[in-house]
1. Let me know the charge dipole size of region 107-241 about its Cα centre in debye, to the nearest 20, where only the beta-carbon of Lys, Arg (+1) and Asp, Glu (-1) is charged.
2. For a protection proxy built on the mean count of beta-carbon atoms within 10 angstrom, sort 63-72, 216-225 highest first, please.
3. So in the chain, what percent of DSSP beta bridges are antiparallel if you round to the nearest 5?
4. Taking every pair of distinct Cα atoms and averaging 1/r, then inverting, what Kirkwood hydrodynamic radius in Å comes out for region 133-189?
5. Starting with the highest mean, order 39-49, 204-214 by the number of other Cβ atoms within 10 Å, averaged over the residues of each peptide.
6. Would you mind working out the magnitude of the charge dipole of the chain relative to its Cα centre, with +1 at each Lys and Arg C-beta and -1 at each Asp and Glu C-beta, to the nearest 20 Debye?
7. Tell me, what is the per residue accessible area of the chain in Å², probe radius 1.4 Å?
8. Using only Cα atoms, locate the centre of region 139-190 and the centre of region 40-87, then give the distance between them in Å, rounded to an integer.
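The values are calculated or read from the model by the stated rules, or taken from the named source; none is laboratory data. Note that this is a predicted model, so its numbers are computed, not measured. Virtual Cβ from ideal backbone geometry, glycine too; neighbours counted across all protein chains shown. To get the accessible areas, we keep the full protein, side chains included, count just its heavy atoms, and leave off ligands, DNA and RNA. Shrake-Rupley method; radii C 1.70, N 1.55, O 1.52, S 1.80 Å.
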Amino acid sequence: MSNTALTLGEVASAQKVVFEEYDLDNGLHVILHHDASAPVVITSVMYHVGAKDENPDRTGFAHFFEHLLFEGTKNIKRGEWFKIVTSNGGTNNANTTDDRTYYYEIFPSNNLELGLWMESERMLHPIINQIGVDTQNEVVKEEKRTNYDNRPYGNILAAVKENMFKNHPYRWTTIGSMKDLDAATLEEFKEFNKKFYLPNNAVLVVAGDFEKKQAKEWIQKYFGSIPKGEVTSKKTYLEEPITKTIKATYEDPNIQIPMLVASYRTPSMKSRDARVLDLISSYLSDGKSSRLYKKVVDDKKMALQIGAVGFSQEDYGMYIVYGLPMADFSLTDILNEIDKEIIKIQTDLISEKDYQKLQNKFDNNYINSNATLEGIANNLASYYMLYKDINLINTEIELYHSITREEIREVAQKYLNPNQRLLLDYIPAKHHN
């Protein structure tokens, strides 16, 4: 092992994230993480609602709410949210996935009370009215044009998802459909809010430099009186295993070079197999030192680019490999090279040296993901809400360390076969005269 690599002991001790957790009477889960190394404090709230909780004919609601809930509350006038944050030296943001929605503020530590008050306002009485809905409808449409419809290769994920999932709501993207949002009534938005943005469907994280006793008093003061709601239990959607290659084509008017996309369905991120697949995808296709990049881009000069995205989610994931062929090569040429590398992993154990390199890389990722206060706050919320095991923030790296080279081979054999995937030809749109 090279002396630059961290020993297991160092990784363990560098990292121990200490936290305290408790519930309010209304079911709001609270997590406190004290760190006085910088005079800042984060207040964040994660709600267990994402694109997968939407009705199929009302897609895009969860992401729409990520925008809508900045529109104002009973005590924060329309358009004032960001002004209050910046004038108090803070920053804030929010994001939505298929599984959850996350809001956070970062303030100088003397503004903890303000952060808590703002998030309690958002939870207790946001104002949902037609002017807010109309304003955000325009914002979301612009975002969809910019990030999806007019961006080269912008609809890959949408094309992959609709071909990979038949029953599960993962079949649509978080941005959803603009015609669904246009068709939605104000009443439907209000209903969605009542259904999901509840204290007992949320976790509040306070991380950074704060006085614990005081923080708890404020949390009780601002969140304690918010009434608990009826949390809808999550539906289970099962997908039949893919047993024969799914072939699909998508035409993108914004591109000149076709792209090969091969996508495999993977199990829930909570499963051990999903973590083994994380190692496999990193080994095969993560960055310029990966097997595929070295071989297909550097050595054989067959592709301009090759890469992969692992999508780890609460119910199912996807491992998506993509490549852009050089002029003399076809999509099939690239696929053959990808398949050769997958067959190698399924046949031979990866070398001890490559295995060690992978472990070092995951140690570094782990340390980096907990290197910032924002990273820690996000991880605490996610591990609690999506994995139901908050202490994974300290132990998940041990799971990766416990994965053997034999397991890597077995899991590759189990999930990465040609008959278990989608092959998507993502091609330039033919210009029709």
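1. Details: 19 positive and 20 negative charges, 79 e Å.
Dipole about the Cα centre, nearest 20: 380 debye.
2. Working: 63-72: 22.8, 216-225: 16.7.
Averaged packing, sorted descending, gives the order 63-72, 216-225.
3. 80
4. On the way: mean 1/r = 0.0800 Å⁻¹.
Averaging 1/r across every pair of different Cα atoms and inverting gives 12.5 Å.
5. With the highest mean Cβ count within 10 Å placed first, the list reads 39-49, 204-214.
6. Values: 50 positive and 61 negative charges, 114 e Å.
Charge dipole of the chain: 540 debye, to the nearest 20.
7. Solvent-accessible surface per residue comes out at 46 Å².
8. Each part's Cα centre sits 18 Å from the other's.
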